[in-house]
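Student: Got a structure for you, written out below as structure tokens; questions coming shortly.
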Amino acid sequence: MRLSRRPRGNPTGEMSILEHIGELRGRLVKSCAALVVATVVAFFLLYEPVLDFVLRSYCDLPASVRIGTSAADSGCRLAALSPLEPLSIRIRLSLTVGLLLAMPFIAYQLWRFITPGLKPSEKRFAIPFALASTCLFVAGVAVAFLTLPKAIDFLVSMGGNGIAVFFQADRYLRFVLFMGLAFGLTFEFPLVLVFLSMVGALSSAAMLRAWRPAAAVIIVAAAVITPSQDPISLFAMAVPMWTFYFAAAAIARFIIEPRRTRRQALAGAQEP
């Protein structure tokens with residue numbers, strides 16, 4: 001079975017179930033290869049600067065809850081409690097950075113997989129879709145890291161003065177990376193709405209009619225998705241999501257739907 005490309009004589013992109021499976025497998029193989037290459041690059045070249053960046057939220061905490069080598073040292077080191085923990089941290093952090101680096105290529109492969117169901121005029125959005133997906137993911141990660149210092153300070157203060165805070169490296173970095181991934185993936189939400197609008201499954205009128213239930217669902221989803229469960233992170237995720245919802249409705253109303261109307265009018269005029 002040939003998996004890589006659709007036949008040139010099939011401009012509509014119609015494929016059987018087996019051809020769809022083959023196409024999906026080919027796209028997944030390419031995406032995984034890109035992820036592996038990006039992860040290897042991050043492992044050997046980007047680990048130290050990225051680790052320093054990730055630790056900024058920890059270093060912004062009061063010196064009393066950070067680990068130093070002496071009483072006079074106010075450094076911001078994390079404690080590794082097993083010999084294998086530094087290696088597992090390096091792999092996990094490199095994999096996260098690799099996902100970020102490979103995101104444009106993975107998004108492009110995703111778009112190319114779903115384009116057979118779109119019109120030829122819509123297939124040209126592959127590169128804009130990949131760029132938008134990457135920018136939104138990076139924006140989500142940035143919001144997460146900007147929110148983290150205040151969120152962690154809030155969580156630490158909830159224990160009171162009688163609780164001594166001790167951050168283990170593996171658990172702390174797992175929490176920080178999961179927070180970044182949660183925000184990054186959640187920020188892809190407007191692309192889903194725009195895509196549904198492009199295929200005619202969701203209209204701007206329907207989105208505007210349902211804005212109240214959508215706002216409630218977003219706040220509940222943000223409360224569930226944010227790993228810290230603190231109000232700072234919750235609203236840092238919910239407010240952009242509300243903005244994205246109305247932005248997607250505006251894109252559907254003023255860009256996608258007028259183009260669809262013009263295409264339909266043109267097709268109707270060309271019919272005998």
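Student: Leu99: at pLDDT 85 or above and either open to solvent by 50 Å² or more (accessible area, probe 1.4 Å) or charged (D, E, K, R) (or both), yes or no?
Tutor: Taking the combined requirement at face value, the residue does not satisfy it.
Student: Please specify each residue of the range 170-203 satisfying the condition of being among the small types (Gly, Ala, Ser) and either touching an Asp or Glu at 6+ places or on another chain (Cβ under 6 Å) or open to solvent by 30 Å² or more (accessible area, probe 1.4 Å) (or both).
Tutor: Hits for the range 170-203 are Gly200, Ala201, Ser203.
Student: Look through Leu181, Leu202 and report the one residue that is more than 30 Å from Pro86 (Cβ to Cβ) and touching a residue at least 40 places away in the same chain (Cβ under 8 Å).
Tutor: Leu202
Student: Here's something else I'd like to know. Which one of Ile232, Ile256, Ile251 is in contact (Cβ under 8 Å) with a residue 24 or more places away in the chain, closer than 20 Å to Cys135 by Cα and either touching a Pro at 6+ places or on another chain (Cβ under 6 Å) or not basic (Lys, Arg) (or both)?
Tutor: Numbers: Ile232 fails: closer than 20 Å to Cys135 by Cα; Ile256 fails: closer than 20 Å to Cys135 by Cα.
Unique residue meeting the criteria: Ile251.
Student: Any idea which of Ala164, Ala130, Ala142 is of a type in the set (A, V, I, L, M, F, W, C), in a helix (DSSP H, G or I) and open to solvent by 40 Å² or more (accessible area, probe 1.4 Å)?
Tutor: Every option except Ala142 fails the conditions.
Student: Filter the range 83-96 down to residues that are over 16 Å from Met179 (Cβ atoms) and either open to solvent by 40 Å² or more (accessible area, probe 1.4 Å) or small (Gly, Ala, Ser) (or both), then give me how many there are.
Tutor: At the first step, the residues of the range 83-96 found to be over 16 Å from Met179 (Cβ atoms) are 83-88, 90-91, 94.
The next check asks that each one be either open to solvent by 40 Å² or more (accessible area, probe 1.4 Å) or small (Gly, Ala, Ser) (or both); those that pass are 83-84, 86-88, 90-91, 94.
So the answer is 8.
Student: Checking the conditions here, which among Ser228, Ser233 is under 30 Å from Val156 (Cα atoms), outside any helix (DSSP H, G or I) and either open to solvent by less than 60 Å² (accessible area, probe 1.4 Å) or in contact with a Leu (Cβ under 8 Å, 6 or more places away or on another chain) (or both)?
Tutor: After applying the criteria, what remains is Ser228.
Student: Let me ask something else. Checking Tyr172 against (1) within 30 Å of Ser94 (Cα to Cα); (2) not in a helix (DSSP H, G or I), only one condition comes out false. Which one?
Tutor: Tallying (1) within 30 Å of Ser94 (Cα to Cα); (2) not in a helix (DSSP H, G or I), Tyr172 fails exactly one: (2).
The values are calculated or read from the model by the stated rules, or taken from the named source; none is laboratory data. Worth saying up front: this structure is predicted, and the values here are computed from it rather than measured. Using ideal geometry, Cβ is built from the backbone for each residue, glycine included, and neighbour counts are taken over all protein chains shown. Quick note on the areas: whole protein, heavy atoms, side chains included, nothing else; ligands and nucleic acids left out. Shrake-Rupley method; radii C 1.70, N 1.55, O 1.52, S 1.80 Å.
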